[in-house]
Every structure is written in C-alpha cells, then in structure tokens.
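Heads up: the structure comes next, in structure tokens.
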Amino acid sequence: MAAAAFGLSRLLGRSRPQLGRHMSSGTHGQEGSAHIWRALTFFVTLPGVGVSMLNVFLKSRHGEHERPEFITYSHLHIRTKPFPWGDGNHTLFHNPHVYLLPTGYEDE
C-alpha cells in the first residue's frame, strides 16, 4: 500500500515535502503538471477516441435502420414563412430519406 501511495505521489510531483517558501510566480509545479497532462492525453484521451471510432465503425456496418412511422402532430413543422430557396418547404440541407416535411417523408 505504501509503494502505491509513493508511486501516486511521485506521479503527482510530490515525492517529498517542500521545505522553505513557495515561489510567488506560480512556476513551482509546472513540470509536474505537464507530466500529468501528458499522461492523461496518452492514457485517457487517445484510447477514448479510439474506442469511439471503433463504436462508429461497428455501428455503420449494420446498414440502414428502419424509419419511425410518421405521425402528424400540430406543434411540429410550423412554418410561419417559407424558406427563401426552392419551394420554401425544404430546409437548406434537406435529405429526402431522413428529414420530414409537414406532410411526411418525401420518398414514400
């Protein structure tokens, strides 16, 4: 247990108690802080990004998913004025397979 505590305190840059005054400029513990951030980057952040990329890759291999049934709700798709392009009913990045119009899916 003592060895683990010593290793943790060494990782945090506090291997022995500091005697004397601390520097008022704030530069006292910068190298220990850089070591912690480097360790967090390599051992937490990069594996997390890798796991996220693997998750997206595996989910994309399943193919297409089934669309939910269109139900007309009065509070959805309220258009007080038309969009300034096209027929005024399609959003700027409209995808007919994914996005709904007030009347339902476009390709059904």
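The values are calculated or read from the model by the stated rules, or taken from the named source; none is laboratory data. What you see is a predicted model, and the numbers here were worked out from it, not measured in a lab. FYI the Cβ positions are ideal-geometry reconstructions off the backbone, even for glycines, and counts take in every protein chain you see. For accessibility, only protein heavy atoms count, side chains too; no ligands or nucleic acids. Shrake-Rupley method; radii C 1.70, N 1.55, O 1.52, S 1.80 Å.
The residues on offer are 73, 105, and the sole one that is out of contact with any strand residue (DSSP E or B) (no Cβ under 9 Å at 6 or more places or on another chain) and surrounded by 11 or more Cβ atoms within 10 Å (Cβ to Cβ) is 105. Tell me, please, whether a residue that is β-branched (Val, Ile, Thr), at pLDDT 95 or above and either farther than 30 Å from residue 98 by Cβ or part of a loop (DSSP other than H, G, I, E, B) (or both) can be found in the stretch 47-67. Taking every residue of the stretch 47-67 in turn, none turns out to be β-branched (Val, Ile, Thr), at pLDDT 95 or above and either farther than 30 Å from residue 98 by Cβ or part of a loop (DSSP other than H, G, I, E, B) (or both). How many residues, within the stretch 28-46, are at pLDDT below 90 and open to solvent by 70 Å² or more (accessible area, probe 1.4 Å)? Of the residues in the stretch 28-46, 3 are at pLDDT below 90 and open to solvent by 70 Å² or more (accessible area, probe 1.4 Å).
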